[in-house]
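Participant: Input: one structure, supplied below.
The values are calculated or read from the model by the stated rules, or taken from the named source; none is laboratory data. Model, not experiment: these values are computed from the prediction. Cβ placement follows ideal geometry from the backbone for every residue including glycine, while neighbour counts extend to all protein chains displayed.
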Amino acid sequence: MWLADGLSDALNYLNEHRADVVVIPPLIHPERLPLTVIEQHAVLVETLQASCQRLDMMLVWCVGHQLFEQDHEHLLNESEQPRPLAAALQKLAEIESAVRQHWHRHIIIRTSELFGSEGDGMALPEQLSSWLEGETVTADDHLFLAPLPVDALARAVLGMILQLDNGADAWGTFHLSGREPVSQFEFAAATLACLRDTAMPGVLQALPETAIVAEGLGSTVRRILGCQKILMTFGIHQTAWREPLQHHVRRWLSMHGIPMVKGGGAD
């Protein structure tokens, strides 16, 4: 297995090594990225898809929930095609269609909101850093998602690859999300509660009186992914997010040498 990053590194690696599967991680918050970054990612996916087809390799591509821009009252299943309005997200939707059309040995995993203790664009470390520096965090109280820890996604990808490598014939698009839908504001509030419970009181002296401010577009947007297909096909269950959230808050504090209350060490 090989995890794809930049295009030149990807092509150099595949020219020198024989991989069984190429995994392309998702862009974090693609709706915030300039179109040029999305286009570079598109070239990466398209080039690696062609290489996988030429060398008969599995391709696993993870893509975020942001493709479903509009509100959806029902659970989103895999047969629903995203129709985003933003040009950058339209480009991602086009890539998804192209991968499905041109190479059958593919897995596309549409993920819910990812969170972890590190990684470019991850909201969790940005929020924790802001609070400890005395800054107020804004969070959308109209956008409802089911947060998914990054390690749960990694385990799911590995489990799917192992089953496919052992003869499972289950290619296509799958959804994976956390188990409890919440607004981004509620998730930020839960993160703040974990920080208050975990960090030593003296660390939180700079914490502003109003640590979170609700920010929304005025209309509710629900992007809740239905995950029945991945359960029935690969036996992969949705993951509750509250306990992993505590783990990632502790891990971030430990990584930055911030004192924690007794029992608050990183797992």
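Participant: Every residue in region 104-134 that is in a strand (DSSP E or B) and touching an Asp or Glu at 6+ places or on another chain (Cβ under 7 Å), please.
Facilitator: Ile108
Participant: With respect to the numbered conditions (1) in contact (Cβ under 8 Å) with a residue 24 or more places away in the chain; (2) assigned to a helix (DSSP H, G or I); (3) within 23 Å of Asp165 (Cβ to Cβ); (4) not aromatic (Phe, Trp, Tyr), which one is the sole condition not fulfilled by Asn15?
Facilitator: (1)
Participant: Kindly provide the set of residues from region 197-208 that are assigned to a helix (DSSP H, G or I) and of a type outside the set (D, E, K, R), ordered by number.
Facilitator: Thr198, Pro201, Gly202, Val203, Leu204, listed by residue number.
Participant: Please verify whether region 163-172 includes one or more residues that are of a type in the set (S, T, N, Q) and more than 21 Å from His248 (Cα to Cα).
Facilitator: Yes, that holds for at least one residue.
Participant: Here's a check for you: in region 12-28, which residue that is touching a helix residue (DSSP H, G or I) at 6+ places or on another chain (Cβ under 7 Å) and surrounded by 15 or more Cβ atoms within 10 Å (Cβ to Cβ) is farthest from Arg83 (Cα to Cα)?
Facilitator: Among those that are touching a helix residue (DSSP H, G or I) at 6+ places or on another chain (Cβ under 7 Å) and surrounded by 15 or more Cβ atoms within 10 Å (Cβ to Cβ), it is Leu14.
Participant: Sticking with this one: Which of the residues belonging to region 1-25 are in contact with a Phe, Trp or Tyr (Cβ under 8 Å, 6 or more places away or on another chain), more than 14 Å from Trp61 (Cβ to Cβ) and either modelled with pLDDT under 70 or aromatic (Phe, Trp, Tyr) (or both)?
Facilitator: Answer for region 1-25, where residues must be in contact with a Phe, Trp or Tyr (Cβ under 8 Å, 6 or more places away or on another chain), more than 14 Å from Trp61 (Cβ to Cβ) and either modelled with pLDDT under 70 or aromatic (Phe, Trp, Tyr) (or both): just Tyr13.
Participant: Of all residues in region 187-208, count the ones that are within 18 Å of the chain's Cα centre (by Cα) and over 24 Å from Arg155 (Cβ atoms).
Facilitator: 1
Participant: Considering only region 94-127, how many residues are out of contact with any strand residue (DSSP E or B) (no Cβ under 9 Å at 6 or more places or on another chain) and surrounded by 15 or more Cβ atoms within 10 Å (Cβ to Cβ)?
Facilitator: 2
Participant: Within region 209-224, restricting attention to residues that are under 23 Å from the mean Cα position of the chain (by Cα) and in a loop (DSSP other than H, G, I, E, B), which residue is surrounded by the most Cβ atoms within 10 Å (Cβ to Cβ)?
Facilitator: By that ranking, first place goes to Arg223.
Participant: Would you check which residues across region 47-66 are outside any strand (DSSP E or B), on the phi < 0 side of the Ramachandran plot and not hydroxyl-bearing (Ser, Thr, Tyr) and list them?
Facilitator: Result: Leu48, Gln49, Ala50, Cys52, Gln53, Arg54, Leu55, Met57, His65, Gln66.
Residue-by-condition table, conditions (1) more than 26 Å from Phe234 (Cβ to Cβ); (2) within 16 Å of the chain's Cα centre (by Cα); (3) assigned to a helix (DSSP H, G or I):
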position	(1), (2), (3)
Val45	no, no, yes
Gln70	yes, no, no
Leu85	yes, no, no
Lys91	yes, no, yes
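Participant: Assuming Gln101 fulfils every condition listed in (1) among the polar types (S, T, N, Q); (2) without any contact (Cβ under 8 Å) to a residue 60 or more places away in the chain; (3) assigned to a loop (DSSP other than H, G, I, E, B) apart from one, which condition is it?
Facilitator: (3)
Participant: In addition: Could you list all residues from region 248-261 that are touching a strand residue (DSSP E or B) at 6+ places or on another chain (Cβ under 8 Å) and either assigned to a loop (DSSP other than H, G, I, E, B) or not charged (D, E, K, R) (or both)?
Facilitator: Residues satisfying the conditions are His248, Leu253, Ser254, Ile258, Pro259, Met260, Val261.
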